[in-house]
1. Of everything in segment 13-56 that's of a type in the set (A, V, I, L, M, F, W, C) and modelled with pLDDT under 90, which residue is surrounded by the fewest Cβ atoms within 10 Å (Cβ to Cβ)?
2. Please specify each residue of segment 91-111 satisfying the condition of being within 29 Å of the chain's Cα centre (by Cα) and either of a type in the set (Ser, Thr, Tyr) or modelled with pLDDT of 70 or more (or both).
3. Taking only segment 64-80 into account, find how many residues are open to solvent by less than 80 Å² (accessible area, probe 1.4 Å), modelled with pLDDT of 75 or more and either aromatic (Phe, Trp, Tyr) or out of contact with any helix residue (DSSP H, G or I) (no Cβ under 6 Å at 6 or more places or on another chain) (or both).
4. How many residues does segment 54-70 contain that are touching a residue at least 24 places away in the same chain (Cβ under 8 Å) and in a helix (DSSP H, G or I)?
Amino acid sequence: MERTLVAIMTILERIQELAQKKDKNLKEVSLELGFSKNYLYSLKKQAPSSDKLSKLADYFGVSTDYLLGRTDDKASLSPREIEDIGQMADRMINGLESENSVNFYGEPMSDEDKASLKTALLVALEMNKKRSKQKD
């Protein structure tokens, strides 16, 4: 039971810290997210539901794992951000293919080459997104 209370306090403390960085108080954050005005204060005694935890993570641009205290990496990417990065990489690859301008030593790009390029793009985009989040 004590372990649960420690985790709940960690969630509330992290939310308070993130709210302060946005120059908001907990009541303002609650209302902006469509929660009751005192909802976040209730996290002293109870854990948030998964849907509210997800809304909070999206609002603050952090992962649910960060809010839960599973990681201290504020720059962890949310599933939505990872999906967005994947879509961006796909658009970049598709743009290259439609222009027929990418080749290796005069040869068209093979499917294996495209997969390698997409992997490299994903890594670069994720690194840039994390770096951007760390500046906040």
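The values are calculated or read from the model by the stated rules, or taken from the named source; none is laboratory data. Note that this is a predicted model, so its numbers are computed, not measured. Counting neighbours? That spans all protein chains shown, and the Cβs are built from the backbone with ideal geometry, glycine included. We work out accessible area using only protein heavy atoms, side chains counted, and drop any ligands, DNA or RNA first. Shrake-Rupley method; radii C 1.70, N 1.55, O 1.52, S 1.80 Å.
1. Residues of segment 13-56 that are of a type in the set (A, V, I, L, M, F, W, C), as a first pass: 15, 18-19, 26, 29, 31, 33, 35, 40, 43, 47, 53, 56.
Then drop every residue that is not modelled with pLDDT under 90, which leaves 43, 47.
On the way: LEU43: 22, ALA47: 15.
Residue satisfying both the conditions and the ranking: ALA47.
2. ARG91, MET92, ILE93, ASN94, GLY95
3. Within segment 64-80, residues that are open to solvent by less than 80 Å² (accessible area, probe 1.4 Å), modelled with pLDDT of 75 or more and either aromatic (Phe, Trp, Tyr) or out of contact with any helix residue (DSSP H, G or I) (no Cβ under 6 Å at 6 or more places or on another chain) (or both) number 3.
4. The qualifying residues number 5.
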